[in-house]
Amino acid sequence: MANTGSTLLALVTGAAIGAGLGMLYAPESGEETRKKIREESDRAQKNFNKKYKETSSNLSEKAKKARFDFETRLEETLSSASYKADDILTAMESKLEELRKQNAKLQKDAKNEEKDTQGQGGSKGKANQAIV
């Protein structure tokens, strides 16, 4: 972008210097010289306008491309994050199910042990109950 600005400035400066030198060395009348100055200034203005439009168009295209690239990357990042979140949820659900099964087994074992101690009767059963 700075390179384009330098080119534009060089173009305008060159046109002005060329027009000035042309006037100084022209062996023509004042009217002819004014006509040439007008033509040179019109040409320089047209060149400036053309370069300005090209630069503006290029910048606009680059801005659109940068926006599109940003939106694409953002969408990819959000999609990736969504998949990772789904993977985490699946793993957590699996772990939760595993813990529920372990809990059910432990509760069943505890009930069986309680029945065994009650089935033996007497003071041993009451002592074991107090420990549990």
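The values are calculated or read from the model by the stated rules, or taken from the named source; none is laboratory data. From a predicted model like this one, the values you see are computed outputs, not experimental measurements. Backbone-built Cβ (ideal geometry, glycine too); neighbour counts: all protein chains shown.
Some observations on this one:
Results for (1) touching a helix residue (DSSP H, G or I) at 6+ places or on another chain (Cβ under 9 Å); (2) of a type outside the set (Val, Ile, Thr); (3) at pLDDT 90 or above, shown as yes or no for each residue.
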residue: Lys65; (1), (2), (3): no, yes, yes
residue: Leu78; (1), (2), (3): no, yes, no
residue: Glu98; (1), (2), (3): no, yes, yes
residue: Gln107; (1), (2), (3): no, yes, yes
residue: Gln129; (1), (2), (3): yes, yes, no
residue: Val132; (1), (2), (3): yes, no, no
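- Condition met for Ile88 (loosely packed, with under 10 Cβ neighbours inside 10 Å, more than 30 Å from Thr4 (Cα to Cα) and either at pLDDT below 90 or out of contact with any helix residue (DSSP H, G or I) (no Cβ under 8 Å at 6 or more places or on another chain) (or both)): no
Residues checked against (1) surrounded by fewer than 10 Cβ atoms within 10 Å (Cβ to Cβ); (2) over 30 Å from Thr4 (Cβ atoms); (3) at pLDDT below 90; (4) touching a Lys or Arg at 6+ places or on another chain (Cβ under 9 Å):
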site	(1), (2), (3), (4)
Ser56	no, no, yes, no
Ser60	no, no, yes, no
Phe70	no, no, no, no
Lys84	no, yes, yes, no
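- Complete set of residues in region 1-51 that are at pLDDT below 80 and of a type in the set (S, T, N, Q): Asn3, Thr4, Ser6, Thr7, Ser29, Thr33
- Residue within region 28-36 that is hydroxyl-bearing (Ser, Thr, Tyr), assigned to a helix (DSSP H, G or I) and under 34 Å from the mean Cα position of the chain (by Cα) present: no
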